[in-house]
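Encoded as structure tokens, the structure appears first; notes follow it.
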Amino acid sequence: MPSGAKPLVDRFGRVVRDLRLSVTPRCNFRCHYCDPLGAGGHEPPGTLAVSEVEVVLQAAVALGMTSVRFTGGEPLLRKDLPTMIAIAKRDLGIPDVAVTTNASALERRLPALLEAGLDRLNISLDALDPDVFRAITQGGDPSQVWRGIEAAAEAGLTPVKLNTVVMRGLNDGEIVPLARLTATRDFHVRFIEYMHLNNASASSYQEHFMAGADVRRRIEAAFGPLEPVETDPSAPARLFRVPGWPGAIGFIHPVSEPFCSSCSRMRVTSDGMLRPCLLTDRELELRSALAAPDPLTAVIERFLEAAHRKVASGITAPVERQRTMVAIGG
């Protein structure tokens, strides 16, 4: 551990173990809850280079972080994503290296990701019905996504975690079919409350918001009472299963049941801003630290400052955000 570094503990006593590192704001889907910038062909000016990502990862390791998840945008749009994974896993020995992806390019890119050392995947899947899927992603191809999901399962990246953001009137009719996937497959299908991170109007947000308790009621009305599955208390999802089914059904309720008191996460945006909390606009810039004579020590100091600025709880109300989800990183 570099001189002066110490485990990253915020002013509320929460230990920061998990880094969410966005590597691009670009995405080839345009999901309603995210507000992406579009796929394009090149990274926008200011996007973190691999060498800068490496310094950020070194700082995370020096501060005792044990998990990194590469996010976006769609991280598979970065051709050099395998290089970043290899730095995290093979060079720095981070125990848990994951990627959050829409899986549209996963079938093609998975071999290189596995060779680099990828441990886990979180895959966005907001609908099974092709028409609903295309509507919520604004043109995504569900067959590409399913080929990616099957490739991940075949490669042994189990349990494959499938994330569904539920929006009333858009994809709430998909809740039961998605939950039914766990009847025959060892998938973790996780239903996430729609957060106000796309700067929708307050009325539009309230119209589409659906509480996690209502999602669970629909599932139990279809399949009977769910039984709890042992869950890491620091993880955002509470897991359950239909008795006798191999898979698990998860609920993530950041709005109706915030889990801020157990938050172990810190985020770095693709343009080099350190964000202590997903749901507040407070950020610290990393550019000057990355350009310092001793960038590792400077970035460690910035992380320590961010931990001190971490708030007790985020703002879940529909307020104007300086950044939408795609610019923050999932």
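The values are calculated or read from the model by the stated rules, or taken from the named source; none is laboratory data. If you're wondering where the values come from, they're calculated on a predicted model, not measured in any experiment. Note that we place each Cβ from the backbone using ideal geometry, even for glycine, and neighbour counts take in every protein chain shown.
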Given (1) closer than 27 Å to VAL311 by Cβ; (2) at pLDDT 95 or above; (3) surrounded by fewer than 14 Cβ atoms within 10 Å (Cβ to Cβ), GLY224 misses just (1)
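To keep it simple, each residue is scored yes or no on (1) among the hydroxyl-bearing types (Ser, Thr, Tyr); (2) in contact (Cβ under 8 Å) with a residue 60 or more places away in the chain; (3) farther than 30 Å from VAL215 by Cβ; (4) out of contact with any helix residue (DSSP H, G or I) (no Cβ under 7 Å at 6 or more places or on another chain).
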residue	(1), (2), (3), (4)
CYS260	no, no, no, yes
ASP271	no, yes, yes, yes
PRO276	no, yes, no, no
ASP281	no, no, no, yes
Answer yes or no: is there a residue in the stretch 130-142 that is touching a Pro at 6+ places or on another chain (Cβ under 8 Å) and either hydrophobic (A, V, I, L, M, F, W, C) or under 22 Å from ILE87 (Cα atoms) (or both).
-> yes
Residue selected from the stretch 238-280 under the condition closer than 23 Å to PHE12 by Cα and of a type in the set (Val, Ile, Thr), by the criterion surrounded by the most Cβ atoms within 10 Å (Cβ to Cβ) | VAL268
Contact list, first residue from the stretch 240-253 and more than 14 Å from ARG218 (Cα to Cα), second anywhere and at pLDDT below 95 and surrounded by 21 or more Cβ atoms within 10 Å (Cβ to Cβ), beta-carbon distance below 7 Å, six or more apart or interchain, is ILE252/ALA237
Touching a Pro at 6+ places or on another chain (Cβ under 8 Å) and surrounded by fewer than 24 Cβ atoms within 10 Å (Cβ to Cβ): does that describe ALA62?
-> yes
The condition of being out of contact with any strand residue (DSSP E or B) (no Cβ under 9 Å at 6 or more places or on another chain), β-branched (Val, Ile, Thr) and buried (at least 18 other Cβ atoms within 10 Å of the Cβ) holds, among ILE315, ILE300, only for ILE300
Here are some residues: VAL215, VAL189. Which one is among the β-branched types (Val, Ile, Thr) and assigned to a helix (DSSP H, G or I)?
-> VAL215
Can you find a residue in the stretch 129-141 that is touching a His at 6+ places or on another chain (Cβ under 8 Å), buried (at least 18 other Cβ atoms within 10 Å of the Cβ) and more than 30 Å from ARG17 (Cβ to Cβ)?
-> yes
Have a look at GLU43, GLU107, GLU115, GLU52 and point out the one that is in contact with a Leu (Cβ under 8 Å, 6 or more places away or on another chain) and either under 24 Å from VAL165 (Cβ atoms) or surrounded by fewer than 24 Cβ atoms within 10 Å (Cβ to Cβ) (or both).
-> GLU52
Just a yes or no: is a residue in the stretch 167-178 closer than 19 Å to PRO258 by Cα, among the polar types (S, T, N, Q), in contact with a strand residue (DSSP E or B) (Cβ under 8 Å, 6 or more places away or on another chain) and free of Cβ contacts under 8 Å to residues at least 60 places away in the same chain?
-> no
Could you list, in sequence order, all residues of the stretch 175-201 that are hydrophobic (A, V, I, L, M, F, W, C) and either modelled with pLDDT under 95 or in contact with a Phe, Trp or Tyr (Cβ under 9 Å, 6 or more places away or on another chain) (or both)?
-> ILE175, VAL176, LEU178, ALA179, LEU181, ALA183, PHE191, ILE192, MET195, LEU197, ALA200
Run PHE191 past the list (1) of a type in the set (Phe, Trp, Tyr); (2) closer than 26 Å to PRO243 by Cβ; (3) surrounded by fewer than 22 Cβ atoms within 10 Å (Cβ to Cβ) and report the number of the one that doesn't hold.
-> (3)
When residues of the stretch 255-285 are filtered for being under 15 Å from the mean Cα position of the chain (by Cα) and either at pLDDT below 90 or in a strand (DSSP E or B) (or both), how many remain?
-> 11
